[in-house]
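Participant: One structure coming up, written as structure tokens, with questions to follow.
The values are calculated or read from the model by the stated rules, or taken from the named source; none is laboratory data. The shown structure was predicted, so the numbers you read here are calculated from the model rather than taken from an experiment. As a convention, Cβ positions derive from the backbone with ideal geometry for all residues, glycine included, and neighbour counts pool all protein chains shown.
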Amino acid sequence: MTDLCCREVSEFLMEYFDNTLPEDVHAGFHGHVATCQNCRVFLEQYRETIVAGQMACKDEGAADCPEDLVRAVMTALGKEPKA
Amino acid sequence: MNEAALTAGLRAVDEQVFETLVRTYGGRLLAVARRMLHEEEDARDAVQEAFINAFRSRHTFKGDAQISTWLHSIVVNVALMKLRTRRRKPEESIQDFLPRFLPDEHHAEHFPSWTEPVDVALSRKETADMVRKAIEALPETYRTVVLLRDIEGLSTEETATLVDTTPNAVKIRLHRGRLALRTLIAPHLAGAHA
């Protein structure tokens, strides 16, 4: 297969990282990226964007549950039938 | 209290155990609800509703998944229900955040490299805050899928079921959402930090 163009590389990024690119497309993808510095940077930034989102959100849940929310839940549950 | 004790207490309707569950997992569930709903009051309502739903459906918890996973799926469901019942505003187009191409199919812009590895940049609170705000700025259709797939770790199929669409539509939204998120965070990571 001939090398892909920048637009096609951009469209196939997710499949590339999921390892689901068909073999012939994979070759064309690599052929383009090997010669296009702009697409190499873009590809790396696509991957880093996923990591950035995960890192930005990972510590948010470390906080304790606010006491008033614990009380609100337990009060609401106190009104629930037990059986 | 370990997972087995929590599971046993949950089934036995032990209030002490349920309070331990709320204290142990409430903070994490609140973070999930905040990410999806933004409004603090809505997020707290979602967590409260999730625990009530968990309590009501405690007999359906078989113990073949972790309690945290079970509670996580409940709060995600509740948050999605709340998103659906909100009055819908016309959704902003994602087009402006997607890469642009020249007639010869090359990128229309040059992408400067980011100045430092993303894990180093994200160790700073202000950068993490900036990325969270960028996620919040995504149009809701895309933000929800990015959150469920990349942040909450659900599969394409699970996400498709939750947002009532096809796996292929989830893949398209995820890819566009990631592209848009890159556009939003790139200016801050390409040389903004001295």
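Participant: Tell me which of these B:LYS82 doesn't satisfy, since it passes every other one: (1) outside any helix (DSSP H, G or I); (2) touching a residue at least 24 places away in the same chain (Cβ under 8 Å).
Facilitator: (1)
Participant: Those residues that are assigned to a loop (DSSP other than H, G, I, E, B) and out of contact with any helix residue (DSSP H, G or I) (no Cβ under 8 Å at 6 or more places or on another chain), I need them from region B:94-111; list them, please.
Facilitator: Here is the first cut: in region B:94-111, the residues assigned to a loop (DSSP other than H, G, I, E, B) are B:94, B:98-100, B:102-106, B:108-111.
Answer for region B:94-111, where residues must be assigned to a loop (DSSP other than H, G, I, E, B) and out of contact with any helix residue (DSSP H, G or I) (no Cβ under 8 Å at 6 or more places or on another chain): B:ARG100, B:LEU102, B:PRO103, B:ASP104, B:ALA108, B:GLU109.
Participant: Determine which member of the set B:LYS171, B:LYS82 is within 23 Å of A:CYS57 (Cβ to Cβ) and modelled with pLDDT under 95.
Facilitator: Every option except B:LYS82 fails the conditions.
Participant: Which residue out of B:VAL146, B:VAL163, B:VAL131, B:VAL76 is more than 11 Å from chain A (Cβ to nearest Cβ) and closer than 30 Å to A:GLU8 by Cβ?
Facilitator: Values: B:VAL146 fails: more than 11 Å from chain A (Cβ to nearest Cβ); B:VAL131 fails: more than 11 Å from chain A (Cβ to nearest Cβ); B:VAL76 fails: closer than 30 Å to A:GLU8 by Cβ.
Residue meeting the stated conditions: B:VAL163.
Participant: Which condition number in (1) within 20 Å of B:ASP150 (Cα to Cα); (2) at the interface with chain A (Cβ under 10 Å from one of its Cβ atoms) is the one that B:ARG56 fails?
Facilitator: Evaluating B:ARG56 over (1) within 20 Å of B:ASP150 (Cα to Cα); (2) at the interface with chain A (Cβ under 10 Å from one of its Cβ atoms) leaves (1) as the failure.
Participant: Only one residue in B:GLU41, B:GLU91 is surrounded by fewer than 17 Cβ atoms within 10 Å (Cβ to Cβ) and part of a helix (DSSP H, G or I), so which one is that?
Facilitator: Numbers: B:GLU91 fails: part of a helix (DSSP H, G or I).
Within the list B:GLU41, B:GLU91, the selection yields B:GLU41.
Participant: Give region A:32-45 a look and list any residue that's surrounded by fewer than 20 Cβ atoms within 10 Å (Cβ to Cβ), facing another protein chain (nearest Cβ under 7 Å) and touching a residue at least 24 places away in the same chain (Cβ under 8 Å), or say none.
Facilitator: A:ASN38, the sole residue that qualifies.
Participant: Something else about it: Which residues, counting only those in region B:115-151, are more than 21 Å from B:ARG176 (Cβ to Cβ) and crowded, with 21+ Cβ neighbours inside 10 Å? Don't jump to the end; show me each part of the working.
Facilitator: Residues of region B:115-151 that are more than 21 Å from B:ARG176 (Cβ to Cβ), as a first pass: B:115-117, B:119-129.
The answer is B:ALA121, B:LEU122, B:THR127.
Participant: Condition first: modelled with pLDDT under 95, part of a loop (DSSP other than H, G, I, E, B) and touching a helix residue (DSSP H, G or I) at 6+ places or on another chain (Cβ under 8 Å). Now tell me which residues in region A:6-36 satisfy that.
Facilitator: A:LEU21
Participant: Moving to a separate point now. Pull up region B:24-53, narrow it to residues that are more than 18 Å from B:LYS133 (Cβ to Cβ), among the hydrophobic types (A, V, I, L, M, F, W, C) and touching a residue at least 12 places away in the same chain (Cβ under 8 Å), then point me to the one that is farthest from the other protein chains (Cβ to nearest Cβ).
Facilitator: That would be B:ALA46.
Participant: Of the residues that make up region B:9-20, is at least one more than 9 Å from every other protein chain (Cβ to nearest Cβ), surrounded by fewer than 21 Cβ atoms within 10 Å (Cβ to Cβ), closer than 29 Å to A:GLN54 by Cβ and at pLDDT below 90?
Facilitator: If we filter region B:9-20 for residues that are more than 9 Å from every other protein chain (Cβ to nearest Cβ), which is where we start, we get B:9-12, B:14, B:16-17, B:20.
So of that shortlist, the ones also surrounded by fewer than 21 Cβ atoms within 10 Å (Cβ to Cβ) come out as B:9, B:11-12, B:14, B:16-17, B:20.
The next check asks that each one be closer than 29 Å to A:GLN54 by Cβ; those that pass are B:20.
Those left that are additionally at pLDDT below 90: B:20.
Scanning region B:9-20, I find at least one residue that is more than 9 Å from every other protein chain (Cβ to nearest Cβ), surrounded by fewer than 21 Cβ atoms within 10 Å (Cβ to Cβ), closer than 29 Å to A:GLN54 by Cβ and at pLDDT below 90, so the answer is yes.
Participant: Go through region B:1-38 and count every residue that is part of a loop (DSSP other than H, G, I, E, B) and among the hydrophobic types (A, V, I, L, M, F, W, C). So that I can check it myself, show each step before the final result.
Facilitator: First pass over region B:1-38, keeping only residues part of a loop (DSSP other than H, G, I, E, B): B:1-2, B:12-14, B:38.
Still in the list and also among the hydrophobic types (A, V, I, L, M, F, W, C): B:1, B:12-13.
Residues in region B:1-38 being part of a loop (DSSP other than H, G, I, E, B) and among the hydrophobic types (A, V, I, L, M, F, W, C): 3 in total.
Participant: Another question, if that's okay. Can you confirm whether A:ARG47 is part of a helix (DSSP H, G or I), farther than 15 Å from B:ARG176 by Cα and modelled with pLDDT of 95 or more?
Facilitator: Values: part of a helix (DSSP H, G or I): yes; farther than 15 Å from B:ARG176 by Cα: no; modelled with pLDDT of 95 or more: yes.
Judged against the criteria, A:ARG47 is not a match.
Participant: Tell me, which residue of region B:60-73 that is β-branched (Val, Ile, Thr) and exposed (fewer than 14 other Cβ atoms within 10 Å of the Cβ) is farthest from the other protein chains (Cβ to nearest Cβ)? Walk me through it before giving the result.
Facilitator: Filtering region B:60-73 for residues β-branched (Val, Ile, Thr) gives B:60, B:67, B:69.
Restricting the remaining residues to those that are exposed (fewer than 14 other Cβ atoms within 10 Å of the Cβ) gives B:60, B:69.
Values: B:THR60: 16, B:THR69: 13 Å.
Ranking the candidates gives B:THR60 first.
Participant: How many residues are more than 9 Å from chain A (Cβ to nearest Cβ), in contact (Cβ under 8 Å) with a residue 40 or more places away in the chain and not charged (D, E, K, R) if we restrict to region B:94-128?
Facilitator: Result for region B:94-128: 3.
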